[in-house]
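These notes concern the structure reproduced below.
Rule-based calculations on the coordinates, nothing more; no lab input. Predicted, not measured: the structure shown is a model, and the values here were computed from it. A quick note on method: Cβ atoms are made from the backbone with ideal geometry, for glycine too, and the neighbour counts reach across all protein chains shown.
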Amino acid sequence: MESETAILITELKKLLNGGGAHVGFKDAVAGLPFNLLGEKPDHLPYSIWQLVEHIRIAQWDMLEFSKDGNHQSPKWPDEYWPKELAPKDEATWSNTLRQIDDDLQAFVALLESSNLYDKIPHGDGQRILTEALQIADHNAYHIAEIVVVRRLLGAWKNEQ
């Protein structure tokens, strides 16, 4: 019989990779034309690039906090949001997408190798479970924004 913790880890992995109730990150950015990454339609405060880069920074920070007591988080909120509307080039875009995936896989590995319920020694009561839920919640929120921006730009699924 599968343990409750194994079931929880399986469900957390599904949630972190896009869950069943919302679009996952890879689907949200798939087929996105490079020239639209810096657009801010209808006076929205962020471009797709800024949302994606924010996801990268925040997820990286939560991963590093979870595993390294010497990690220094970026200054909130200034260092969590890029000032540039668009990436400088396609290589920067590709590298950001790769880092988001790599960091997510590293967090999943941490999730699988840690006790979910133990407090993170250098934290203020956080647990790997807490961080997993925070990453999933944070990413889902901003992934939804990416989809909305794509819809407003006419670049979502059947609109392309």
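Under the rule of at least 5 residues apart or a separate chain, name every residue whose amide H is placed under 5 Å from the amide H of V23.
Amide H neighbours of V23, under 5 Å, 5+ apart: none.
Under 19 Å from a label point 7 Å along Cα→Cβ of K157: give me every residue in the range 38-60 with its amide N that close.
Counting only backbone N, you get no residues.
Given an 8 Å cut-off on Cα distances and at least 6 residues of separation, report the relative contact order of the range 4-159 as a percent.
Across the range 4-159, relative contact order equals 32 percent.
Ratio to report: Rg/Rh of the range 75-160, with Cα atoms as the point set and Rh obtained by the Kirkwood method; give two decimals.
1.05
Just from its helices, what would the mean residue ellipticity at 222 nm be for the chain, if runs of 4 or more DSSP H residues each count -39500 (n - 2.57) and the sum is divided by every residue, rounded to the nearest 500 deg cm²/dmol?
About -18500 deg cm²/dmol.
If neighbour count is taken as other Cβ atoms inside 10 Å, put E4, E64, E53 in order from fewest to most.
The most exposed by this proxy come first: E4, E64, E53.
Fewest Cβ neighbours within 10 Å first, please rank Y117, Y80 accordingly.
If I rank by nearby Cβ atoms, fewest first, I get Y117, Y80.
Quick one: divide the alpha-carbon radius of gyration of the range 1-52 by 2.2 N^0.38 Å and tell me what you get. Before the final figure, lay out each step's value.
Working: Rg = 16.5 Å, N = 52, 2.2 N^0.38 = 9.9 Å.
So the range 1-52 has a normalised radius of gyration of 1.67.
For a Förster distance of 25 Å, can you work out the FRET efficiency between the beta-carbons of T5 and W81, rounded to the nearest 0.05?
0.10
Determine which residues of the range 10-28 fall in the zone a paramagnetic label at Y117 would reach in this model, i.e. backbone nitrogen under 19 Å from the point 7 Å along Cα→Cβ.
Correct set: 10-13.
Extending each Cα 7 Å along its Cβ direction at L44 and N17, get the distance between those two points in nm, one decimal.
Rounded to a tenth, the inter-label distance reads 2.7 nm.
How much length is gained on full extension from V148 to K67, taking 0.36 nm per residue of separation minus their Cα-Cα distance? Write out the running numbers ahead of the final one.
Working: separation 81, 0.36 × 81 = 29.16 nm, distance 3.33 nm.
Net length gain for the segment: 25.8 nm.
Please report, largest first and rounded to whole Å, the three semi-axes of the ellipsoid equivalent to the range 4-159, where each semi-axis is the square root of five times an eigenvalue of the C-alpha gyration tensor.
29, 18, 12
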